[in-house]
1. Just checking, does region 220-235 include any residue being under 23 Å from ALA158 (Cβ atoms), touching a strand residue (DSSP E or B) at 6+ places or on another chain (Cβ under 7 Å), open to solvent by less than 30 Å² (accessible area, probe 1.4 Å) and part of a loop (DSSP other than H, G, I, E, B)?
2. Take the conditions modelled with pLDDT under 95, surrounded by 15 or more Cβ atoms within 10 Å (Cβ to Cβ) and under 16 Å from the mean Cα position of the chain (by Cα) and apply them to GLY177. Does it pass?
3. Say whether the condition of being among the charged types (D, E, K, R), more than 18 Å from ARG151 (Cα to Cα), touching a Pro at 6+ places or on another chain (Cβ under 7 Å) and open to solvent by 30 Å² or more (accessible area, probe 1.4 Å) is met by at least one residue in region 204-216.
4. Return the only residue of VAL76, VAL31, VAL23, VAL8 being in contact with a Gly (Cβ under 7 Å, 6 or more places away or on another chain) and on the phi < 0 side of the Ramachandran plot.
5. Consider PRO132 carefully, then state whether it is in contact with a strand residue (DSSP E or B) (Cβ under 8 Å, 6 or more places away or on another chain), closer than 25 Å to PRO167 by Cβ and open to solvent by less than 10 Å² (accessible area, probe 1.4 Å).
Amino acid sequence: MLLLPGCVQRALAPEIDAAATRVLAREDMRVERLERSGCCGALAYHLGKAERGKDCARAIIGAFEEEDAKGSVAAVLITASGCSAFLKDYPRVFADEPEWEKRADAFAAKVKDFTEMARPLASPAAEAANAPVVAFHPPCTLQHGQKISGRGEALLTAAGFRLAPIPDANLCCGSAGSYSLLQPEIAEQLRARKLAAIRSTGAEIIASANIGCLTHLSGELPTVHIAELLDWAGGGKRPEFP
């Protein structure tokens, strides 16, 4: 499968993709980076800069087609749910361009979020059961945008982690792409509400599937990507939290 390294996450937390690659390798999945892929275009498109977003999308689709022509690509993977939601939405983005819409359809059919590709661990490492209690925050782009609910929680439970369900887990944390930058006052209110809900559970760390959420919620409790926890439970490196 082809891994899109993205842009924000590649700069802020490259260890996430490394952990995801190890998780999938243990499941006999070969992961290769999709070179020349660049940004998915989500932020530009959602800010009204449609053509700039489309240019990013065309570059990714073209890079995918070149790799797919060399041999069958089983899936296109990205570990940030904000990006995977937009990648799956490419056909709608190109709905007014028939030729590109067809190419976008073929591409989007291959796109998978990391939580869709990871499999429940059959024999998790004993350390997971002794790890801090985890609150899994399902990003809006995962549960609402991609309609993937409960998958992250099930993967973490199967890996041996103790989960603390978050009240009103369907609500946004306030990150929402560039929203936290453009509307900081409202975004901070949403963040405070989400953190209060997490504190009420007694959880000691926050896990999520999107770099935007993890960055926005950081500062009070340790934050970690679900791929890093699954990698640790499978025998990999322990994430950096107290």
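The values are calculated or read from the model by the stated rules, or taken from the named source; none is laboratory data. Please read all numbers here as calculations on a predicted model, not as lab measurements. Here Cβ is always computed from backbone atoms with ideal geometry, including for glycine, and neighbour counts include all displayed protein chains. Surface areas here come from the heavy atoms of the whole protein model, side chains and all, with no ligands, DNA or RNA. Shrake-Rupley method; radii C 1.70, N 1.55, O 1.52, S 1.80 Å.
1. No, region 220-235 contains no residue that is under 23 Å from ALA158 (Cβ atoms), touching a strand residue (DSSP E or B) at 6+ places or on another chain (Cβ under 7 Å), open to solvent by less than 30 Å² (accessible area, probe 1.4 Å) and part of a loop (DSSP other than H, G, I, E, B).
2. Considered against the rule, which asks whether it is modelled with pLDDT under 95, surrounded by 15 or more Cβ atoms within 10 Å (Cβ to Cβ) and under 16 Å from the mean Cα position of the chain (by Cα), GLY177 comes out as yes.
3. Checked region 204-216: at least one residue is among the charged types (D, E, K, R), more than 18 Å from ARG151 (Cα to Cα), touching a Pro at 6+ places or on another chain (Cβ under 7 Å) and open to solvent by 30 Å² or more (accessible area, probe 1.4 Å).
4. VAL23
5. no
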